[in-house]
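In what follows, a single structure is set out as C-alpha coordinates and then discussed.
The values are calculated or read from the model by the stated rules, or taken from the named source; none is laboratory data. On a predicted model such as this, the values are computed, not experimentally measured, just so you know. All Cβ positions, glycine included, derive from the backbone under ideal geometry; neighbour counts span all protein chains shown. To get the accessible areas, we keep the full protein, side chains included, count just its heavy atoms, and leave off ligands, DNA and RNA. Shrake-Rupley method; radii C 1.70, N 1.55, O 1.52, S 1.80 Å.
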Amino acid sequence: MGKLSFIGRESEIARLRMLYKKHSPSLVVIKGRRRIGKSRLVQEFAGSIQKNKFWSFAGLAPSGSMTDQDQRNHFARQLATHLKTPPMTFLDWSDAFSHLSLHLRSGDIVLLDEISWMGDLDDTFISKIKTWWDQQTTHVMLVICGSVSTWIEENILKSTALFGRIHLSLTLEPLSIRESSSFLKELGVKLSQYDIYKLLSVVGGVPWYLEQIHPELTADQNLMELAFKKDSILVTEFDRIFHDLFSGKGTLYKKILLTLKNGMCTLAEIRTAIKFPHSGTLSQMVEHLMSAGFVTKHTLWSFKTEKSSKQSLYRIADPYLRFYLKLIEPNLAKIGMGTFSYETLRGIPGFEAHLGLQIEQLLLQNRSMLLSALGIPPMDICADGPYRQNPTVRQEGCQIDYLVHSATHNLFICEFKFKKRELGMEVVSEIKEKSQKLKVPRGFAKVPVLFHLGGVSDQVETDSFFYRIIDIADFL
(Lines give C-alpha, C1' and ligand atoms only; values in the text may rest on other atoms or scores of the structure.)
Protein backbone atom coordinates (compact mmCIF):
# COMPACT_ATOMS: atom_id res chain seq x y z
CA MET A 1 0.00 0.00 0.00
CA GLY A 2 1.26 3.48 -0.90
CA LYS A 3 1.15 6.59 1.25
CA LEU A 4 -2.25 7.09 2.86
CA SER A 5 -4.37 10.09 1.94
CA PHE A 6 -4.29 12.85 4.52
CA ILE A 7 -7.61 12.85 6.38
CA GLY A 8 -9.02 15.66 8.52
CA ARG A 9 -7.25 18.77 9.88
CA GLU A 10 -8.95 21.03 7.30
CA SER A 11 -9.32 23.86 9.81
CA GLU A 12 -5.69 23.68 10.90
CA ILE A 13 -4.41 23.58 7.30
CA ALA A 14 -6.60 26.59 6.42
CA ARG A 15 -5.26 28.61 9.35
CA LEU A 16 -1.65 27.77 8.45
CA ARG A 17 -2.25 28.79 4.83
CA MET A 18 -3.84 32.08 5.86
CA LEU A 19 -0.81 32.91 8.01
CA TYR A 20 1.65 31.82 5.33
CA LYS A 21 0.02 34.13 2.76
CA LYS A 22 1.06 37.18 4.81
CA HIS A 23 4.59 36.73 3.35
CA SER A 24 6.31 37.73 6.58
CA PRO A 25 8.21 35.81 9.29
CA SER A 26 5.70 33.77 11.27
CA LEU A 27 6.06 31.62 14.39
CA VAL A 28 3.63 28.72 14.95
CA VAL A 29 3.31 26.44 18.00
CA ILE A 30 1.56 23.05 17.68
CA LYS A 31 1.00 20.75 20.64
CA GLY A 32 -0.91 17.54 21.22
CA ARG A 33 -0.56 14.05 22.65
CA ARG A 34 2.00 11.59 21.38
CA ARG A 35 1.06 9.96 18.01
CA ILE A 36 -1.62 12.56 17.22
CA GLY A 37 0.00 13.60 13.91
CA LYS A 38 1.63 16.98 14.63
CA SER A 39 4.67 16.54 12.38
CA ARG A 40 2.55 14.86 9.67
CA LEU A 41 0.28 17.92 9.65
CA VAL A 42 3.27 20.22 9.09
CA GLN A 43 4.68 17.92 6.40
CA GLU A 44 1.33 17.87 4.63
CA PHE A 45 1.02 21.65 4.81
CA ALA A 46 4.60 22.21 3.62
CA GLY A 47 4.07 19.76 0.76
CA SER A 48 1.06 21.73 -0.42
CA ILE A 49 3.10 24.94 -0.76
CA GLN A 50 4.92 25.43 -4.06
CA LYS A 51 8.53 26.62 -4.39
CA ASN A 52 9.57 26.29 -0.77
CA LYS A 53 12.07 24.16 1.12
CA PHE A 54 10.91 22.21 4.15
CA TRP A 55 13.54 21.94 6.89
CA SER A 56 12.61 19.29 9.45
CA PHE A 57 14.50 18.78 12.72
CA ALA A 58 13.53 16.57 15.68
CA GLY A 59 14.96 16.30 19.17
CA LEU A 60 16.47 13.05 20.41
CA ALA A 61 14.35 11.01 22.82
CA PRO A 62 15.74 11.56 26.33
CA SER A 63 17.90 8.98 28.06
CA GLY A 64 19.79 8.94 31.34
CA SER A 65 23.13 9.85 29.75
CA MET A 66 21.79 12.45 27.30
CA THR A 67 23.65 15.78 27.14
CA ASP A 68 22.87 19.09 25.51
CA GLN A 69 25.78 18.48 23.13
CA ASP A 70 24.16 15.21 22.02
CA GLN A 71 21.08 17.19 21.02
CA ARG A 72 23.16 19.72 19.08
CA ASN A 73 25.09 16.92 17.35
CA HIS A 74 21.79 15.35 16.31
CA PHE A 75 20.59 18.72 14.97
CA ALA A 76 23.87 19.08 13.04
CA ARG A 77 23.48 15.64 11.46
CA GLN A 78 19.95 16.47 10.33
CA LEU A 79 21.12 19.81 8.91
CA ALA A 80 23.95 18.05 7.05
CA THR A 81 21.41 15.65 5.55
CA HIS A 82 19.34 18.58 4.26
CA LEU A 83 22.45 20.25 2.82
CA LYS A 84 24.01 16.99 1.57
CA THR A 85 27.29 17.90 3.30
CA PRO A 86 29.42 16.21 5.99
CA PRO A 87 28.16 16.77 9.58
CA MET A 88 29.31 19.86 11.46
CA THR A 89 29.84 20.48 15.15
CA PHE A 90 28.06 23.29 17.00
CA LEU A 91 29.15 24.05 20.55
CA ASP A 92 26.26 26.47 21.10
CA TRP A 93 22.66 26.61 19.91
CA SER A 94 23.16 30.19 18.68
CA ASP A 95 25.81 28.93 16.27
CA ALA A 96 23.52 26.12 15.08
CA PHE A 97 20.60 28.46 14.34
CA SER A 98 22.85 31.07 12.74
CA HIS A 99 24.27 28.45 10.39
CA LEU A 100 20.74 27.39 9.44
CA SER A 101 19.92 31.03 8.64
CA LEU A 102 22.67 31.09 6.00
CA HIS A 103 20.66 28.63 3.93
CA LEU A 104 17.09 29.85 4.49
CA ARG A 105 15.27 31.45 1.56
CA SER A 106 11.99 33.33 1.32
CA GLY A 107 9.04 30.95 1.64
CA ASP A 108 10.91 28.23 3.55
CA ILE A 109 9.23 26.33 6.39
CA VAL A 110 11.27 25.14 9.40
CA LEU A 111 9.96 22.47 11.79
CA LEU A 112 11.52 21.98 15.23
CA ASP A 113 9.82 18.78 16.39
CA GLU A 114 9.82 17.45 19.97
CA ILE A 115 11.16 20.81 21.07
CA SER A 116 11.23 19.83 24.76
CA TRP A 117 13.74 17.05 24.03
CA MET A 118 15.83 19.44 21.96
CA GLY A 119 16.06 22.23 24.51
CA ASP A 120 15.35 20.83 27.96
CA LEU A 121 19.03 20.46 28.90
CA ASP A 122 19.96 24.09 28.14
CA ASP A 123 18.37 26.79 30.29
CA THR A 124 19.25 29.39 27.65
CA PHE A 125 17.71 27.47 24.72
CA ILE A 126 14.50 29.54 24.48
CA SER A 127 16.31 32.87 24.76
CA LYS A 128 18.65 31.76 21.96
CA ILE A 129 15.67 30.86 19.74
CA LYS A 130 14.21 34.29 20.56
CA THR A 131 17.40 36.11 19.62
CA TRP A 132 17.75 34.14 16.40
CA TRP A 133 14.09 34.57 15.45
CA ASP A 134 14.19 38.34 16.05
CA GLN A 135 16.86 38.56 13.35
CA GLN A 136 14.62 37.01 10.67
CA THR A 137 13.41 39.47 8.06
CA THR A 138 12.52 37.16 5.17
CA HIS A 139 9.29 35.22 4.66
CA VAL A 140 10.08 32.14 6.81
CA MET A 141 7.59 30.08 8.84
CA LEU A 142 9.01 28.48 12.00
CA VAL A 143 6.84 25.70 13.44
CA ILE A 144 7.55 24.43 16.96
CA CYS A 145 5.97 21.08 17.87
CA GLY A 146 5.94 18.86 20.91
CA SER A 147 4.14 16.14 22.83
CA VAL A 148 5.10 17.49 26.26
CA SER A 149 2.36 20.11 26.41
CA THR A 150 3.29 21.28 29.91
CA TRP A 151 6.86 22.09 28.77
CA ILE A 152 5.52 24.01 25.78
CA GLU A 153 3.03 25.90 27.95
CA GLU A 154 5.62 26.90 30.53
CA ASN A 155 8.64 27.51 28.30
CA ILE A 156 7.12 28.81 25.06
CA LEU A 157 3.49 29.92 25.26
CA LYS A 158 3.93 31.60 28.65
CA SER A 159 7.55 32.59 28.08
CA THR A 160 8.37 36.27 28.45
CA ALA A 161 11.14 35.73 25.88
CA LEU A 162 8.60 34.84 23.16
CA PHE A 163 5.80 37.14 24.35
CA GLY A 164 4.02 38.72 21.38
CA ARG A 165 6.03 36.71 18.85
CA ILE A 166 3.76 33.66 18.43
CA HIS A 167 1.40 34.21 15.51
CA LEU A 168 -0.58 30.95 15.76
CA SER A 169 -1.02 28.29 18.44
CA LEU A 170 -2.75 24.98 17.62
CA THR A 171 -3.70 22.03 19.83
CA LEU A 172 -4.33 18.88 17.78
CA GLU A 173 -7.29 16.83 18.99
CA PRO A 174 -8.02 13.20 17.99
CA LEU A 175 -9.73 12.67 14.65
CA SER A 176 -13.52 12.60 14.84
CA ILE A 177 -15.46 9.34 14.63
CA ARG A 178 -16.33 10.09 10.99
CA GLU A 179 -12.72 10.97 10.10
CA SER A 180 -11.45 7.86 11.89
CA SER A 181 -13.92 5.72 9.96
CA SER A 182 -12.69 7.28 6.70
CA PHE A 183 -9.11 6.57 7.79
CA LEU A 184 -9.93 2.87 8.30
CA LYS A 185 -11.67 2.70 4.92
CA GLU A 186 -8.55 4.22 3.35
CA LEU A 187 -6.56 1.39 4.94
CA GLY A 188 -8.91 -1.12 3.31
CA VAL A 189 -10.71 -2.14 6.50
CA LYS A 190 -14.09 -3.72 5.71
CA LEU A 191 -15.89 -4.46 8.97
CA SER A 192 -19.36 -4.07 10.43
CA GLN A 193 -20.35 -0.83 12.13
CA TYR A 194 -20.22 -2.65 15.47
CA ASP A 195 -16.65 -3.79 14.84
CA ILE A 196 -15.54 -0.35 13.63
CA TYR A 197 -16.79 1.10 16.91
CA LYS A 198 -15.06 -1.70 18.81
CA LEU A 199 -11.72 -0.68 17.25
CA LEU A 200 -12.32 3.04 17.77
CA SER A 201 -13.33 2.47 21.39
CA VAL A 202 -9.77 1.30 22.06
CA VAL A 203 -7.54 3.36 19.74
CA GLY A 204 -9.73 6.46 19.58
CA GLY A 205 -9.00 8.98 16.85
CA VAL A 206 -5.21 8.77 17.18
CA PRO A 207 -3.87 8.48 13.60
CA TRP A 208 -0.78 6.41 14.40
CA TYR A 209 -2.84 3.84 16.31
CA LEU A 210 -5.33 3.66 13.44
CA GLU A 211 -2.45 2.98 11.04
CA GLN A 212 -1.62 -0.20 12.97
CA ILE A 213 -4.96 -1.83 12.08
CA HIS A 214 -4.54 -4.72 9.60
CA PRO A 215 -7.39 -4.82 7.03
CA GLU A 216 -7.11 -8.59 6.57
CA LEU A 217 -7.85 -9.27 10.26
CA THR A 218 -11.13 -9.07 12.17
CA ALA A 219 -11.62 -6.44 14.86
CA ASP A 220 -11.01 -9.03 17.61
CA GLN A 221 -7.89 -10.37 15.90
CA ASN A 222 -6.52 -6.85 15.51
CA LEU A 223 -7.04 -5.99 19.15
CA MET A 224 -5.64 -9.32 20.34
CA GLU A 225 -2.51 -8.71 18.22
CA LEU A 226 -2.06 -5.07 19.23
CA ALA A 227 -3.01 -5.24 22.91
CA PHE A 228 -2.49 -8.75 24.26
CA LYS A 229 0.73 -10.10 22.71
CA LYS A 230 4.17 -9.75 24.29
CA ASP A 231 5.89 -6.46 23.30
CA SER A 232 2.99 -5.51 21.05
CA ILE A 233 2.39 -1.82 20.32
CA LEU A 234 -0.41 -1.08 22.78
CA VAL A 235 1.31 -3.09 25.52
CA THR A 236 4.50 -0.99 25.45
CA GLU A 237 2.94 2.36 24.49
CA PHE A 238 1.81 3.35 27.98
CA ASP A 239 5.31 3.29 29.48
CA ARG A 240 6.68 5.22 26.49
CA ILE A 241 4.06 7.92 26.97
CA PHE A 242 4.81 8.30 30.65
CA HIS A 243 8.58 8.20 30.22
CA ASP A 244 8.42 10.94 27.57
CA LEU A 245 5.99 13.19 29.41
CA PHE A 246 6.62 12.81 33.09
CA SER A 247 10.09 11.21 33.46
CA GLY A 248 10.62 10.46 37.17
CA LYS A 249 7.17 11.67 38.29
CA GLY A 250 5.23 9.11 36.26
CA THR A 251 4.19 7.05 39.30
CA LEU A 252 2.13 9.84 40.86
CA TYR A 253 0.45 10.73 37.57
CA LYS A 254 -0.38 7.08 37.06
CA LYS A 255 -2.01 6.88 40.51
CA ILE A 256 -4.34 9.70 39.48
CA LEU A 257 -5.31 7.85 36.30
CA LEU A 258 -5.85 4.61 38.20
CA THR A 259 -8.32 6.45 40.42
CA LEU A 260 -10.19 7.65 37.34
CA LYS A 261 -10.20 4.38 35.40
CA ASN A 262 -13.55 3.31 36.89
CA GLY A 263 -15.34 6.61 36.35
CA MET A 264 -15.45 10.31 37.13
CA CYS A 265 -14.11 11.73 40.40
CA THR A 266 -13.83 15.12 42.07
CA LEU A 267 -10.43 16.45 43.05
CA ALA A 268 -11.22 15.68 46.70
CA GLU A 269 -12.07 12.07 45.80
CA ILE A 270 -8.79 11.71 43.89
CA ARG A 271 -6.89 13.15 46.85
CA THR A 272 -8.51 10.70 49.26
CA ALA A 273 -7.99 7.71 46.96
CA ILE A 274 -4.25 8.27 46.49
CA LYS A 275 -3.73 9.66 50.02
CA PHE A 276 -2.25 12.88 48.68
CA PRO A 277 -1.47 15.68 51.18
CA HIS A 278 -3.53 18.89 51.08
CA SER A 279 -1.57 21.20 48.82
CA GLY A 280 -1.86 22.84 45.45
CA THR A 281 0.39 20.26 43.82
CA LEU A 282 -2.39 17.75 43.07
CA SER A 283 -4.49 20.25 41.13
CA GLN A 284 -1.38 21.20 39.17
CA MET A 285 -0.69 17.56 38.32
CA VAL A 286 -4.26 17.06 37.15
CA GLU A 287 -3.85 20.21 35.01
CA HIS A 288 -0.75 18.60 33.48
CA LEU A 289 -2.75 15.48 32.59
CA MET A 290 -5.43 17.70 31.06
CA SER A 291 -2.84 19.63 29.06
CA ALA A 292 -1.46 16.32 27.76
CA GLY A 293 -4.96 15.40 26.52
CA PHE A 294 -5.40 12.45 28.89
CA VAL A 295 -7.90 13.87 31.39
CA THR A 296 -10.94 16.10 30.88
CA LYS A 297 -12.58 18.39 33.42
CA HIS A 298 -16.36 18.78 33.58
CA THR A 299 -17.56 21.62 35.76
CA LEU A 300 -20.95 21.01 37.33
CA TRP A 301 -23.48 23.84 37.21
CA SER A 302 -26.67 25.12 38.80
CA PHE A 303 -29.80 24.60 36.70
CA LYS A 304 -31.46 27.58 38.35
CA THR A 305 -28.65 30.18 38.07
CA GLU A 306 -26.88 28.59 35.07
CA LYS A 307 -23.60 29.35 36.85
CA SER A 308 -20.73 26.92 37.31
CA SER A 309 -20.42 25.38 40.74
CA LYS A 310 -17.16 25.02 42.62
CA GLN A 311 -17.23 21.26 42.13
CA SER A 312 -15.84 19.65 38.98
CA LEU A 313 -15.65 16.07 37.78
CA TYR A 314 -12.55 14.65 36.13
CA ARG A 315 -12.47 11.65 33.81
CA ILE A 316 -9.98 9.87 31.56
CA ALA A 317 -10.51 11.37 28.11
CA ASP A 318 -8.18 9.08 26.18
CA PRO A 319 -9.78 5.73 25.22
CA TYR A 320 -6.44 3.93 24.88
CA LEU A 321 -5.22 4.94 28.35
CA ARG A 322 -8.38 3.70 30.01
CA PHE A 323 -8.31 0.44 28.06
CA TYR A 324 -4.69 -0.11 29.06
CA LEU A 325 -5.36 0.48 32.75
CA LYS A 326 -8.55 -1.63 32.82
CA LEU A 327 -7.66 -4.59 30.62
CA ILE A 328 -4.03 -4.65 29.51
CA GLU A 329 -2.10 -3.82 32.68
CA PRO A 330 -3.91 -6.35 34.94
CA ASN A 331 -2.82 -9.05 32.46
CA LEU A 332 0.76 -7.87 31.84
CA ALA A 333 2.36 -10.84 33.61
CA LYS A 334 0.44 -13.36 31.49
CA ILE A 335 1.03 -11.33 28.33
CA GLY A 336 4.77 -11.18 29.07
CA MET A 337 4.97 -14.95 29.57
CA GLY A 338 2.84 -15.65 26.53
CA THR A 339 0.21 -17.39 28.66
CA PHE A 340 -2.66 -14.96 28.05
CA SER A 341 -4.94 -17.69 26.80
CA TYR A 342 -8.18 -16.01 25.71
CA GLU A 343 -8.80 -16.63 22.04
CA THR A 344 -11.42 -13.90 21.68
CA LEU A 345 -12.08 -10.59 23.39
CA ARG A 346 -15.48 -11.83 24.52
CA GLY A 347 -13.72 -14.44 26.63
CA ILE A 348 -11.98 -11.76 28.72
CA PRO A 349 -13.97 -11.34 31.95
CA GLY A 350 -15.99 -8.13 31.93
CA PHE A 351 -14.97 -7.17 28.40
CA GLU A 352 -18.49 -6.32 27.19
CA ALA A 353 -19.09 -4.00 30.16
CA HIS A 354 -15.73 -2.30 29.58
CA LEU A 355 -16.59 -1.88 25.91
CA GLY A 356 -19.69 0.14 26.78
CA LEU A 357 -17.65 2.52 28.94
CA GLN A 358 -15.00 2.81 26.21
CA ILE A 359 -17.69 3.84 23.71
CA GLU A 360 -18.95 6.41 26.22
CA GLN A 361 -15.46 7.99 26.34
CA LEU A 362 -15.30 7.98 22.54
CA LEU A 363 -18.69 9.67 22.14
CA LEU A 364 -17.86 12.33 24.72
CA GLN A 365 -14.71 13.06 22.71
CA ASN A 366 -17.05 13.86 19.80
CA ARG A 367 -19.28 16.41 21.53
CA SER A 368 -19.92 18.42 18.35
CA MET A 369 -21.43 15.33 16.65
CA LEU A 370 -23.70 14.72 19.65
CA LEU A 371 -24.99 18.29 19.65
CA SER A 372 -25.49 18.25 15.89
CA ALA A 373 -27.54 15.05 16.19
CA LEU A 374 -29.66 16.70 18.88
CA GLY A 375 -30.27 19.68 16.58
CA ILE A 376 -29.37 22.24 19.25
CA PRO A 377 -27.67 25.44 17.97
CA PRO A 378 -24.44 26.14 19.93
CA MET A 379 -25.72 29.57 21.00
CA ASP A 380 -28.68 27.89 22.75
CA ILE A 381 -26.50 25.78 25.06
CA CYS A 382 -26.04 27.02 28.62
CA ALA A 383 -23.95 24.03 29.72
CA ASP A 384 -23.32 20.42 28.78
CA GLY A 385 -21.30 17.41 29.84
CA PRO A 386 -21.50 14.25 31.96
CA TYR A 387 -23.49 15.03 35.09
CA ARG A 388 -23.54 13.60 38.59
CA GLN A 389 -26.15 14.36 41.23
CA ASN A 390 -24.86 13.50 44.69
CA PRO A 391 -27.28 11.88 47.15
CA THR A 392 -28.56 14.01 50.03
CA VAL A 393 -31.36 13.73 52.57
CA ARG A 394 -33.77 15.24 50.01
CA GLN A 395 -32.60 13.58 46.80
CA GLU A 396 -31.23 10.33 45.46
CA GLY A 397 -27.96 10.18 43.60
CA CYS A 398 -27.81 9.64 39.85
CA GLN A 399 -25.34 9.93 37.00
CA ILE A 400 -26.18 11.09 33.48
CA ASP A 401 -23.98 9.97 30.57
CA TYR A 402 -24.40 13.34 28.87
CA LEU A 403 -26.64 16.23 29.93
CA VAL A 404 -27.38 19.31 27.81
CA HIS A 405 -28.94 22.40 29.41
CA SER A 406 -30.58 24.65 26.80
CA ALA A 407 -31.40 28.34 27.10
CA THR A 408 -35.11 27.48 27.00
CA HIS A 409 -34.85 25.37 30.19
CA ASN A 410 -34.79 21.99 28.48
CA LEU A 411 -32.53 19.36 30.03
CA PHE A 412 -31.62 16.73 27.45
CA ILE A 413 -30.85 13.55 29.39
CA CYS A 414 -28.71 11.52 26.99
CA GLU A 415 -28.02 7.82 27.46
CA PHE A 416 -25.40 5.86 25.49
CA LYS A 417 -26.12 2.19 24.73
CA PHE A 418 -23.72 -0.05 22.82
CA LYS A 419 -25.20 -3.50 22.30
CA LYS A 420 -25.14 -6.12 19.55
CA ARG A 421 -28.79 -6.94 20.12
CA GLU A 422 -31.90 -4.81 19.83
CA LEU A 423 -32.83 -2.74 22.86
CA GLY A 424 -36.23 -3.52 24.34
CA MET A 425 -38.53 -1.61 26.66
CA GLU A 426 -36.16 -2.22 29.55
CA VAL A 427 -34.14 0.77 28.29
CA VAL A 428 -37.22 2.98 28.70
CA SER A 429 -37.70 1.79 32.30
CA GLU A 430 -34.01 2.36 33.07
CA ILE A 431 -33.88 5.93 31.74
CA LYS A 432 -37.27 6.78 33.21
CA GLU A 433 -36.00 5.81 36.67
CA LYS A 434 -32.83 7.86 36.21
CA SER A 435 -34.85 10.84 34.95
CA GLN A 436 -37.16 10.70 37.94
CA LYS A 437 -34.18 10.90 40.31
CA LEU A 438 -32.79 14.04 38.69
CA LYS A 439 -33.86 17.03 40.77
CA VAL A 440 -34.67 20.09 38.66
CA PRO A 441 -36.27 23.49 39.34
CA ARG A 442 -39.90 24.18 38.50
CA GLY A 443 -40.41 25.14 34.86
CA PHE A 444 -37.67 22.86 33.52
CA ALA A 445 -38.40 20.00 31.12
CA LYS A 446 -36.58 16.66 31.23
CA VAL A 447 -36.01 15.50 27.66
CA PRO A 448 -34.74 11.88 27.37
CA VAL A 449 -32.53 11.00 24.38
CA LEU A 450 -31.12 7.61 23.40
CA PHE A 451 -27.85 7.20 21.47
CA HIS A 452 -27.50 3.55 20.45
CA LEU A 453 -25.89 1.03 18.13
CA GLY A 454 -27.56 -2.27 17.38
CA GLY A 455 -31.12 -1.13 16.91
CA VAL A 456 -34.19 -0.74 19.09
CA SER A 457 -37.38 -2.77 19.13
CA ASP A 458 -40.51 -1.55 17.35
CA GLN A 459 -42.07 -1.01 20.76
CA VAL A 460 -39.30 1.38 21.80
CA GLU A 461 -39.43 3.09 18.41
CA THR A 462 -43.16 3.77 18.62
CA ASP A 463 -43.20 4.62 22.33
CA SER A 464 -43.42 8.35 23.03
CA PHE A 465 -40.89 8.38 25.87
CA PHE A 466 -37.71 9.39 23.98
CA TYR A 467 -37.45 12.81 22.34
CA ARG A 468 -34.96 11.37 19.88
CA ILE A 469 -33.53 7.91 19.21
CA ILE A 470 -30.19 8.39 17.48
CA ASP A 471 -28.30 5.57 15.77
CA ILE A 472 -24.57 6.27 16.19
CA ALA A 473 -23.92 4.19 13.05
CA ASP A 474 -24.80 7.43 11.24
CA PHE A 475 -21.69 9.07 12.76
CA LEU A 476 -19.52 6.72 10.70
Pairs please, first residue from the range 63-82 and under 16 Å from Trp93 (Cβ atoms) and assigned to a helix (DSSP H, G or I), second anywhere and open to solvent by 60 Å² or more (accessible area, probe 1.4 Å) and not hydroxyl-bearing (Ser, Thr, Tyr), Cβ atoms under 8 Å, 6+ apart in sequence or on different chains.
Asp68/Leu121; Gln69/Leu91; Gln71/Leu121; Arg72/Leu91; Asn73/Pro87; Ala76/Pro87; Arg77/Pro87
What do you reckon, is Ile36 buried (at least 17 other Cβ atoms within 10 Å of the Cβ) and in a helix (DSSP H, G or I)?
no
In contact (Cβ under 8 Å) with a residue 40 or more places away in the chain, in contact with a Phe, Trp or Tyr (Cβ under 7 Å, 6 or more places away or on another chain) and more than 21 Å from Leu199 (Cα to Cα): does that describe Ala383?
yes
Answer from Gly164, Gly188, Gly205, Gly146 - the residue that is at pLDDT 95 or above and over 20 Å from Leu370 (Cα atoms):
Gly188
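One line per residue, one yes/no per condition, for (1) at pLDDT below 95; (2) among the acidic types (Asp, Glu); (3) farther than 30 Å from Thr171 by Cβ; (4) surrounded by fewer than 19 Cβ atoms within 10 Å (Cβ to Cβ):
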residue: Tyr194; (1), (2), (3), (4): yes, no, yes, yes
residue: Gln212; (1), (2), (3), (4): no, no, no, yes
residue: Asp220; (1), (2), (3), (4): yes, yes, yes, yes
residue: Phe228; (1), (2), (3), (4): yes, no, yes, no
Based on this model, can you work out whether Lys198 counts as of a type in the set (Lys, Arg), within 27 Å of Ile328 (Cα to Cα), over 17 Å from the mean Cα position of the chain (by Cα) and crowded, with 19+ Cβ neighbours inside 10 Å?
yes
Gly263 being among the small types (Gly, Ala, Ser), within 20 Å of the chain's Cα centre (by Cα) and more than 21 Å from Lys198 (Cα to Cα)
no
Out of Leu41, Leu27, Leu16, report the one residue that is assigned to a strand (DSSP E or B), open to solvent by less than 20 Å² (accessible area, probe 1.4 Å), under 17 Å from Asp113 (Cα atoms) and of a type outside the set (D, E, K, R).
Leu27
Does Ala353 satisfy the condition of being among the hydrophobic types (A, V, I, L, M, F, W, C), loosely packed, with under 13 Cβ neighbours inside 10 Å and not in a strand (DSSP E or B)?
yes
For the range 50-94, enumerate the residues that are among the hydroxyl-bearing types (Ser, Thr, Tyr), open to solvent by 50 Å² or more (accessible area, probe 1.4 Å) and out of contact with any helix residue (DSSP H, G or I) (no Cβ under 7 Å at 6 or more places or on another chain).
Ser63, Ser65, Thr67, Thr81, Thr85
Residue pairs within 6 Å by beta carbon, gap of at least six or interchain, first lying in the range 95-110 and open to solvent by less than 60 Å² (accessible area, probe 1.4 Å) and modelled with pLDDT of 95 or more, second β-branched (Val, Ile, Thr) and assigned to a loop (DSSP other than H, G, I, E, B), listed first then second, are Leu104/Val140; Asp108/Val140
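Every residue, every condition in (1) touching a His at 6+ places or on another chain (Cβ under 9 Å); (2) in contact (Cβ under 8 Å) with a residue 60 or more places away in the chain; (3) closer than 30 Å to Cys382 by Cα; (4) in a loop (DSSP other than H, G, I, E, B), yes or no:
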residue: Val427; (1), (2), (3), (4): yes, no, yes, no
residue: Ile431; (1), (2), (3), (4): no, no, yes, no
residue: His452; (1), (2), (3), (4): no, no, yes, no
residue: Ser464; (1), (2), (3), (4): no, no, yes, yes
Somewhere in the range 322-342, is a residue surrounded by fewer than 12 Cβ atoms within 10 Å (Cβ to Cβ) and in a strand (DSSP E or B)?
no
Kindly provide the set of residues from the range 366-391 that are open to solvent by less than 80 Å² (accessible area, probe 1.4 Å) and either part of a helix (DSSP H, G or I) or of a type in the set (Ser, Thr, Tyr) (or both), ordered by number.
Met369, Leu370, Leu371, Ala373, Leu374, Asp380, Tyr387
With the requirement that a residue be in contact (Cβ under 8 Å) with a residue 40 or more places away in the chain, part of a helix (DSSP H, G or I) and of a type outside the set (D, E, K, R), what does the range 220-242 give you?
Leu223, Met224, Ala227, Leu234, Val235, Phe238, Ile241
Within the range 230-260, can you find the residues that are charged (D, E, K, R) and more than 18 Å from the chain's Cα centre (by Cα)?
Lys230, Asp231, Lys249, Lys255
Against the conditions (1) under 25 Å from Ser182 (Cβ atoms); (2) part of a helix (DSSP H, G or I); (3) modelled with pLDDT of 95 or more; (4) not charged (D, E, K, R), where does Thr259 fall short? Just the number, please.
(1)
Output the qualifying pairs, or none if there are none: Cβ atoms under 6 angstrom, residues six or more apart or on different chains, first residue in the range 138-156 and closer than 21 Å to Leu60 by Cβ, second residue among the β-branched types (Val, Ile, Thr) and not in a strand (DSSP E or B).
Val143/Val42; Ile144/Ile115; Gly146/Ile115; Gly146/Ile152; Asn155/Ile126
Name the residue that is most open to solvent (accessible area, probe 1.4 Å), counting only residues in the range 392-404 that are over 23 Å from Val295 (Cα atoms) and in contact (Cβ under 8 Å) with a residue 24 or more places away in the chain.
Arg394
Does any residue in the range 262-277 that is over 14 Å from Ser312 (Cα atoms) come within less than 7 Å, Cβ to Cβ, of a residue that is at pLDDT below 95 and assigned to a loop (DSSP other than H, G, I, E, B) six or more places away or on a different chain, and which pairs are these?
none
Expected single match for touching a strand residue (DSSP E or B) at 6+ places or on another chain (Cβ under 8 Å), farther than 25 Å from Glu352 by Cβ and of a type in the set (D, E, K, R) among Arg468, Arg394, Arg442 is Arg468
Could you tell me whether the range 4-13 includes any residue that is among the polar types (S, T, N, Q), exposed (fewer than 14 other Cβ atoms within 10 Å of the Cβ) and modelled with pLDDT under 95?
yes
